[in-house]
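The values are calculated or read from the model by the stated rules, or taken from the named source; none is laboratory data. Keep in mind that this is a model prediction, so the values were computed, not measured. Methodologically, a virtual Cβ is constructed for each residue, glycine included, from the backbone with ideal geometry; neighbour enumeration extends over all protein chains shown. When the accessible area is computed, the model is the full protein with side chains, heavy atoms only, and any ligands, DNA or RNA have been set aside. Shrake-Rupley method; radii C 1.70, N 1.55, O 1.52, S 1.80 Å.
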Amino acid sequence: MAPEHGAGRLAGQCVGILAGGGPLPGQVARAVTQAGGQVFIVGFQGFAEPDVIGPWPHRMIRLAAAGEILSALHEHGCRDLVLIGPVRRPSLVNLRPDATGARILARIGKALFAGDDGLLGAIVRVLGEEGFTIRGAHEYLAGSVARRGAMGQHAPDEAALADMELGRRVVRQLGALDIGQGCVVQGGLVLAVEALEGTDRMLERVGALRQPDRPGGVLVKMVKPGQERRADLPTIGPRTVAGAAAAGLRGIAIEAGATLMTDPAACIAMADEAGLFLAGFAGGDAKTT
């Protein structure tokens, strides 16, 4: 994976990574160091995976211990921050914020009770007010961003393109309400939409909903309208491809330039082996060419 930022831009800089779960925090750290920069990772307790962030300087900190988080970032000279990796929204009862955390929660205000995008947008704003520049993971992981067109051996036919277009319209409506980033469409029928459970859980229930008299369905994922792209880009990985295959889908359609793949080579190879298409479409429509 070739980082977008060159060594000249990152030389001597320390990029702070606020890490949730999954492999992407480690991939961002690797890309930064390969480009000549340094990293310091704040791993959120209960979410970040020690094996993923272990090779780099890091500290595991409670999600609501904002004072400790900010002090650690300043101590290591971090000015640019990357928020990457899934974090489940905790209940207010379990947050237990420190004094700085309580102050920041007050500044976030009503967004704390909004959907994920509203909350993430408020967090990005507050971190900016604290003197940090927020960067998107895609700025460092250019090789992991979905490209337009068929990425493997298989391509969508006209029927699949029609399902992709319907799925795009559905996700845009979902996104406008800050609900989810994905849905599954089969032969013009919406089988499932993504909500709080996430894509992989959605795929687990799709298999039982599959219509046997129609070609396999299509998973569609894309950004929400007006989404804060520096904090929560749609993401797929090998588990997503395996789930799509297990659910009897015929393909996966993701927004080009706006969807991350945790392991592009593995995703493409698995899709090829399963006979699925993996295609990127432009945000304005579901065309892939």
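Assign one of three labels to the chain, namely rounded, prolate or oblate, based on the Cα gyration tensor with a ≥ b ≥ c the square roots of its eigenvalues; rounded applies when a/c is under 1.5, prolate when it is not and a/b is larger than b/c, and oblate otherwise.
Prolate, since a/c reaches 1.5 and a/b exceeds b/c.
Just to be sure I understand: of the beta bridges DSSP finds with both ends in the stretch 155-289, what percent are antiparallel, rounded to 5?
Around 40 percent of the beta bridges assigned by DSSP in the stretch 155-289 are antiparallel ones.
How many nm separate the modelled label positions at Asp213 and Glu197, each set 7 Å beyond the Cα in the direction of the Cβ?
In this crude label model, Asp213 to Glu197 measures out at 2.6 nm.
From the protein chains alone at 1.4 Å, what is the descending order of accessible area for Met164, Met270, largest first?
Met270, Met164
How much area per residue is accessible in the chain when the probe is 1.4 Å and only protein heavy atoms are counted (Å²)?
Per-residue value: 43 Å².
Sort 127-133, 210-216 by the packing proxy (mean of other Cβ within 10 Å over each peptide's residues), most packed first.
Top of the packing list down: 127-133, 210-216.
Enter the angle in degrees (range 0 to 90, nearest 10) between the Cα long axis of helix 116-129 and the first principal axis of the Cα atoms of the chain, meaning the one along which they spread out most.
Helix 116-129 and the main axis of the chain meet at about 30 degrees.
Work out the length of the dipole vector of the chain about its Cα centre, built from +1 on the beta-carbon of each Lys and Arg and -1 on the beta-carbon of each Asp and Glu, and round it to the nearest 20 debye.
460 debye
If you roll a 1.4 Å probe over the chain with all protein chains in place, what percent of the accessible area is carbon or sulfur?
Accessible surface attributable to carbon and sulfur in the chain totals 53 percent.
Compute the Cα gyration tensor for the stretch 17-75, then decide on rounded, prolate or oblate, letting a ≥ b ≥ c be the square roots of its eigenvalues: rounded whenever a/c is under 1.5, prolate when a/b is larger than b/c in the other cases, and oblate in all that remain.
Verdict is oblate for the stretch 17-75.
Where both partners of a DSSP beta bridge lie in the chain, what percent of those bridges are antiparallel, to the nearest 5?
DSSP beta bridges in the chain are roughly 25 percent antiparallel.
Which residue, chosen from Gln13, Ile108, Ile69, occupies the Cα position most advanced towards the positive end of the dipole of the chain, where the dipole is computed from +1 (Lys, Arg) and -1 (Asp, Glu) charges on Cβ about the Cα centre?
Ranked along the dipole, the leading option is Ile108.
Take the alpha carbon gyration tensor of the stretch 136-208, find the square roots of its eigenvalues, order them as a ≥ b ≥ c, and report rounded if a/c is under 1.5; if not, report prolate when a/b exceeds b/c, else oblate.
Here the stretch 136-208 falls in the oblate category.
May I ask for the angle, rounded to the nearest 10°, between helix 24-34 and the longest principal axis of the chain, with both axes built from Cα atoms and the value confined to 0 to 90°?
60 degrees
Among Asp80, Asp98, Asp178, whose mean-square fluctuation peaks in a Gaussian network model of the chain (Cα, cutoff 10 Å)?
Largest GNM mean-square fluctuation: Asp98.
Looking at Ala258, Gly275, Gly226, which one has the Cα that reaches farthest to the positive end of the dipole of the chain (charges on Cβ: Lys, Arg +1; Asp, Glu -1)?
In the chain, that residue is Gly226.
In terms of solvent-accessible area of protein heavy atoms at a 1.4 angstrom probe, what is the ranking of Thr33, Thr259, Thr100, highest value first?
Thr33, Thr100, Thr259
In terms of modelled amide H atoms, which long-range or inter-chain residues lie less than 5 Å from the amide H of Phe40?
Val15, Gly16, Ile17
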